[in-house]
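Report on the structure given below.
Values quoted throughout were computed directly from the atomic coordinates according to the rules given, and no laboratory measurement underlies them. Predicted, not measured: the structure shown is a model, and the values here were computed from it. Please note: Cβ atoms are built from the backbone with ideal geometry, for glycine as well, and neighbour counts cover all protein chains shown.
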Amino acid sequence: MEGFIHLFIILPFVCFFASLLIPKKNEKALSVLAYTSVGLQFFSAMVFSIIWIINKMPVINLKEFSIYKTSNYDFFIDFYFDKITLVYLILGSMITFVITVYSRYYLHREDGYKRFFNTILFFYLGFNIIIFSGNVETLFIGWEILGLSSFLLIAFYRDRYLPVKNAVKVFSIYRIGDVGLILVMWLSHHLWHENISFFKLNNAELVHSHLMENSLVGLAISLMIFISAAAKSAQLPFSSWLPRAMEGPTPSSAIFYGSLSVHIGAFLMLRTFPFWEFQTGFRIFLGFAGFATAVVATFIGRVQSSIKSQIAYSSIAQIGLIFIEIAAGLQNVALVHIAGNAFLRTYQLLVSPSIVSYKIREQFYNFVPRVKTIEDSWPKRFEYALYILSLKEWNLDSMLYSYLWNPLKRIGTKWKVLNFKYIFVFAGSVVFIGLIMLNFSNNIPERYKSNLPVLFAIVGFLIVIKAFTERDSVRKSWTLIMLNHITIAVAISFNEQFDWMHHVWYLSGIVIAWFIGLLVLNNLRKQEWVSLDQFYGHSYEHPKIAILFLLCALGLSGFPITPSFVGEDLIFSHIHYNQIGLAFFTALSLIINGLATIRIYARVFLGPHIKTYHEVAKRSS
Amino acid sequence: MNTKETFHLAEVVHHLKHYLPAQAPLKDFIHHNTLHAFQGEKFHDALNEANKIFGYKTYLQIEEYRRLFNEGKINKEIIKRFIPTENQADWMDKLLNQKWDESIVPRCGLLRNQWKENFHIDLDSMTHPLLFRIVSSYLDQGISIWNFPVHHVGFLEAIRILESNGKVSFFKTKRAKALLENEETTIESLLSLLVGEEKWFEYYLFDQQFAHPGYSGIVAVLEDNPNLLIDNRSISLTEFMIFELLLEIDTLDNYFGEVWAPISVKMTKELAPLFSKVEVDELNEVRRIWQEAYEWTYYDEVINGILHKHQNVSTKTELQAVFCIDDRECSIRRHIEEELPGAKTYGTAGFFNVEFYFQPADSEFKTKVCPAPLTPKFLVKEIVKDKKQSTDFHFHKRAHGLIFGWLITHTIGFWSALKLVGSILRPIQNAAAVSSSRHMHPDSELTFENTNGEKTEDGLQIGFSVTEMADRLEGLLKSIGLITDFAPIIYIVGHGSSSSNNTHYAGYDCGACSGRPGSVNARVISKIGNHPKVRAILAERGIEIPSSTQFLPVLHDTSRDEFTFYDTEILSETNKIAHEINNAAFNRALNLNAMERSRRFILVDSHKNIKKVHNAVKLRSVSLFEPRPELNHSNNTLCIVGRRDITRNLFLDRRAFLNSFDYQVDPEGKYLLGILNAIAPVCGGINLEYYFSRVDNQKLGAGTKLPHNVMGLIGVANGIDGDLRTGLPSQMIEVHDPIRLLAIVEHFPEVVLKTLQINPATYEWFNNEWVRLVVIDPATKSPFLFKDGAFIAYQLVNNQLPEVDDLISVFKKEHENLPVYELQNH
């Protein structure tokens, strides 16, 4: 049976890489590759499920290999299979199969046919890694892939303003979820003193005994899990991203936001259920959170006048109910609900253009001038207030701006004391001083030394804020991001036990990605005007440079294509769990760091092309 | 217009509406000239202005013309006709080699852009999403479950009432809300707050409204035609603008506090008035030359084809079939004539000269089935015993409810899985699809004849009186030149189109029937034609239709290539037999037609057996995943008004609107006038909408339809925060060659000129060259071009007419446009 599990991971992997090699013009090869391999996966999943059921549904755990290992640290890849995996596997392979067949015709002649199939297959790979993951580390790899493929599909129409703007918006929310997971890994490490696998979580006694010792850490982990899950499944307060993600071709919206991607948060909750099963307080919280989402999303959904946002909010409301079911421990009910909701919303999205002819015909024959709704029977003032509130999506979209991004931006712009000319000198000296101090760290009195990590972390945070709010020079912003990583490394280094190898892991990928990125930017600057004050859309003329730079940006933000990905986790493992300040600023740095990187990519390469000799869409379209 | 110092609201609103997109809600989608506002000027001047003022791309890129030239699709000899005779080499170099900067910074937008430049605030991204959401919710025709709570008092008043709740507001700050509630607030007072100097008011409003032409356009259209909405709403462009201005003030207050300067105070550069004269530069000249040369390369081929093809061998008339003028009927007529040499086909506007409102059984609503500009005074009702509609719970609003949603996701949700797989693997007709045959029940009765005299319903007379019927039939027959030699069966073929998952379905049906299938009109005119009293009157007027002749209505589904016959039970015994023979030929012709169309569908393998090809074509109309059930009017380029003899056996590649007309029947041009009045706006409108959607699919077209999201059943937008998209989606125009319509009329130039001069609106179309006109003198067989108010002799460049004997093998090979051929096997 293990062979099957390997197949389920390897097949999407091979298929994705094979799809990269097929020439752009060869629509047929691209689509055939996609739907045959996904179809094969679906078929094998059906066969496997029969074998598995005959064998009395054993839970399978496969510890694959360690990527990095020391005496007390082991970053390993682990696969796992149980009922939850089975449901998601069949659901995922079936819907992806249907969507790939559908898109074969639907996307015919569309610019970016290849890009579309590449991204779908990339997404599918990430999806499979997540559902088969046996520990948080493995899951996190898939999680990152899912986030990136979402970004790429939302920004599929990269030459228009709104898709790019919304892609960045969704990415920023995903980033919060990502860091939630990093914190989960960090805290878990301290809780278990090892990188725990999901399989071990099934050992109720083990979990219980650890949680008894550290109930607060346990609660913190559960809350972080919830934040990650809520971000991915568009629960409160993150709900407003889901309708805004519907910018790509309809089938991609159907598979991502109608069905698979949006139910991954629920998967995370189901998967970690044994961990928080005995945290009654958390379960009650989860139930209420689900309930609040269900109610709010229902009202918002009721006033939507666009078909896709209506489907999105209905789906969010149902996922709210699913969260309640999970909190109540009704795993089977939740799984059925997930599958039903996924199928229903996928189909509704796919047929959404038909609503015009369908409803117009219906009205033509059975017109009822205005349907009275339950709200009409409420007091008028209340009705009107609730209507406005729902139409404004309960301010969910503006809330993230007013409470998170805008304050950060304000810090960045108000921090004008340091004129940009000197920022390099400043950041350079911080790093330099840090290194000197490190060298003599044994001579620094303990009472100062204990404050140094958080101090450097704050400086690092300010540096990345500056990178994030830079409106002019691309290269400066790009370099500041790299310096932020180094400052973090320095900050962590002041913790007593550090290992230079860890920094090599952490910084190797980042520095190389930074350097190549710089070369790419220099090359582009020779041909074009680039800046960060608006979208430039250079991918129109320089698609190859755009891809290369995207890879660099991924490297710089610690995406699992370089050792830095493991390094991030390593770095965190050095933060003591009483160093909340350090953890906070490091986590915040990582969020903004990722955002600043993707912002540079988006501003330089995406959006309406700055040159107007060809057709360019209106900004509002 | 120059910048005026004073602001007159009514004038400015009128001016704005003139330039905004005039596209009706989706259900009433009708083709029109996208740049209708510029029609008062010569084509090329207008295109230059639209480019410089609004930033529309109005021509292909120079590189594209050069590619066409290299492919041989632009003739060098013809280019030479359009460049100045002195320094020809110099001009050729400009056309072929010089590098041109084709980028554009349009005037419209420059003033309001200063918020960004001088105030560093992005007003659009802060106001648009909320503005769009509110207006779309207000206009929503049935998507939202809880619709706008106040809806009968006008847009602004409705918002005022909502705002009176005292708790939650659309506004973030106090001043804007107070201004909304203050009855003395006028658009002028808001403008002076925001803009400052009065002379910039109009410029500002243009900038503001053209930042989202989709919503402004639909508001303008609905203000003037509120009856386009089934669920009534009252809204005016002024109200809409006032609300947008308030949102802007709110945003600025929220950003700067209440103290900020109006935009004109900080103006750093003086702007040229929006509509001041636009210079014609060399680039524009180069574009004009390329475009003219591109067009005339094709026109010349067609004129040559018409003049040099062989005379037809006359055969006995076995059947007659009257089709719509539509370019999609061009090829089916050719195939029928090939299969049945005794078939005579005719073309005319597809409402068949019967203008009326149609009221389907069980419906309270009436739908107009004649060209949009006409206002009929007749009503035809459908009477039918039982009419069932299929339903689909996926569109049911309750699927979106919380509790019901919980139930169905657990149950019917899995039914979706089956439907999902089914719809992919084996597409079949379903409730979600649009079928042309659903327009009317095949066995229904139609109240075509007036029996209750003067009594009217909503001001409409039910059915036509006998004289009224006779007038219409006479008009139809005379205008197409069919007054003698009647065949035993005269088929009247209306057309419609079936498609699936298609928001623009109304644009697929018959344009002459206001975007509805032509089946009802075909039935009504056939019933009139078969009416003995009508025939008696016609006989008095000199048109003797033998009693053995019968009219038979047909619906041609243009996406499926199927014929549906109605009322076949009336056929006499002899005609029944004849009909069976004819029908077999029709079926062969339909197969061939599907085969011909399939050459453009890359995913249909044209090499298969012809029936399989036809089935593959049919499948497209019910497949959810098929964005191109048919290619509609793609490549429409010609409108030929004359006897079929001048085009029969000429292969025109489905590019021609064919209107039958016999100059001998109409020596004075009485019927010609009606034809010209119709083809200019209808065919010209279709052609220009395709032209502009093709050259600027982003600003004048709707972009790709794949990400479209339906807003309130009235329009489509990208995503949820986008502006409504007008024009045609890229899937409809991608294979279209942007060439203006060439009308070719067979008559004497002096008669045509006199006829043209009668209607100034029609004259303008031709004189300003939005539609080109060539007349072929029937006596001398020589062509004359209409230019600057006169006909001048046209010299052909081509003198060869290629012949082809096996079209099918050509269809299997070629995906692109084909040249004009003479069909040899005749």
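Results, tabulated for the structure shown:
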read-out	value
B:VAL259-B:THR85 pseudo-label distance in nm [points 7 Å out on the Cα-to-Cβ vector]	7.2
Alpha-carbon radius of gyration plus Dmax, which is the widest Cα pair, for region B:640-799 in Å	18.9, 61
In region A:35-90, trypsin sites (Lys or Arg not before Pro) in a DSSP loop with at most 14 other beta-carbon atoms within 10 Å	A:LYS56
Residues with amide H under 5 Å from that of B:ARG643, placed H, sequence gap 5 or more	B:PHE661, B:TYR663
Overall dimensions of region B:114-256 by Cα: Rg and Dmax, Å	15.1, 45
Reciprocal of mean inverse Cα separation for region A:67-152 (Kirkwood radius, Å)	14.4
Förster radius 30 Å - calculated FRET efficiency between B:LYS174 and B:GLU11, Cβ distance, rounded to 0.05	0.35
Between 0 and 90°, nearest 10: helix B:237-256 axis offset from chain B longest Cα axis	40
A:ASP472 paired with A:PHE278, simple spin-label distance in nm, labels 7 Å along Cα-to-beta-carbon	6.0
Relative counts (whole %) of C-alpha pair distances in region A:531-598, using bins that are 5 Å wide	4, 14, 18, 21, 15, 11, 8, 6, 3, 1, 0
Net charge of Cβ neighbours under 13 Å - reference A:ILE10; Lys, Arg +1; Asp, Glu -1	-2
Share of alpha-carbon pairs per 10 Å distance bin for chain B, given as whole %	2, 12, 21, 24, 20, 13, 6, 2, 0
Principal-axis tilt of helix B:282-308 within chain B, Cα atoms, nearest 10 degrees	20
Cα-only Debye scattering, region B:1-52: base-10 log of I(q)/I(0) at q = 0.31 Å⁻¹	-1.17
Kirkwood Rh in Å, taken over all unlike Cα pairs in region B:762-826	14.9
Extension gain, A:HIS576 back to A:ASN332 (0.36 nm per residue minus Cα-Cα distance, nm)	84.0 nm
Region B:1-61: GluC sites (Glu not before Pro) falling in loop per DSSP and having at most 10 other Cβ within 10 Å	B:GLU5
Relative contact order %, region A:230-327, counting alpha carbon pairs below 8 Å whose residues are six or more apart	35
Fraction of beta bridges assigned by DSSP in the protein assembly as shown that are antiparallel (%, nearest 5)	45
In Hz, Karplus ³J(HN,Hα) per residue of region A:444-452 (6.51, -1.76, 1.60; θ = phi - 60°; x = Gly, Pro)	7, x, 4, 5, 7, 4, 5, 8, 4
Per-selection Kirkwood Rh - region A:244-373 (Cα, Å, 1 d.p.)	16.0
Proxy reagent accessibility, fewest Cβ within 10 Å first, across B:SER331, B:SER693	B:SER331, B:SER693
Angle in degrees between helix B:670-695 and the longest Cα principal axis of chain B, rounded to the nearest 10	50
Using θ = phi - 60° and Karplus 6.51 cos²θ - 1.76 cosθ + 1.60, couplings along region B:350-358 (whole Hz; Gly, Pro as x)	x, 8, 6, 6, 10, 9, 6, 9, 10
Two-decimal Rg/Rh across region A:415-605, once Rg and the Kirkwood Rh are taken from alpha-carbon atoms	0.99
Relative contact order (%) - chain A, alpha-carbon pairs under 8 angstrom, separation at least six	13
Distant-in-sequence amide H partners of A:PHE79 (H built 1.01 Å from N, under 5 Å)	A:LEU62, A:LYS63, A:GLU64, A:GLY134
Calculated diffusion of the protein assembly as shown, Stokes-Einstein form, Kirkwood radius summed over Cα pairs, 37 °C and 0.692 mPa s, µm²/s	95
Integer Hz, Karplus 6.51/-1.76/1.60 couplings in order for region A:145-150, x for Gly and Pro	5, 4, x, 5, 5, 4
Approximate shape of region A:306-384 as ellipsoid semi-axes (Cα gyration tensor, √5λ), whole Å, largest first	30, 22, 10
B:GLU282 versus A:ASN439: modelled label distance in nm, points set 7 Å from Cα along the beta carbon direction	6.4
FRET efficiency, B:ILE383 to B:ASN225 (Cβ-Cβ, R0 35 Å, nearest 0.05)	0.75
Amide H within-cut-off set for B:PHE378, under 5 Å, with H built and near neighbours excluded	B:TYR357, B:GLN461
Debye intensity ratio I(q)/I(0), log10, chain A, q values 0.08, 0.10 Å⁻¹ (C-alpha model)	-0.58, -0.93
Cleavage-rule hits (chymotrypsin sites (Phe, Trp or Tyr not before Pro)) in region A:516-606: DSSP loop, at most 12 neighbouring Cβ within 10 angstrom	A:TRP529
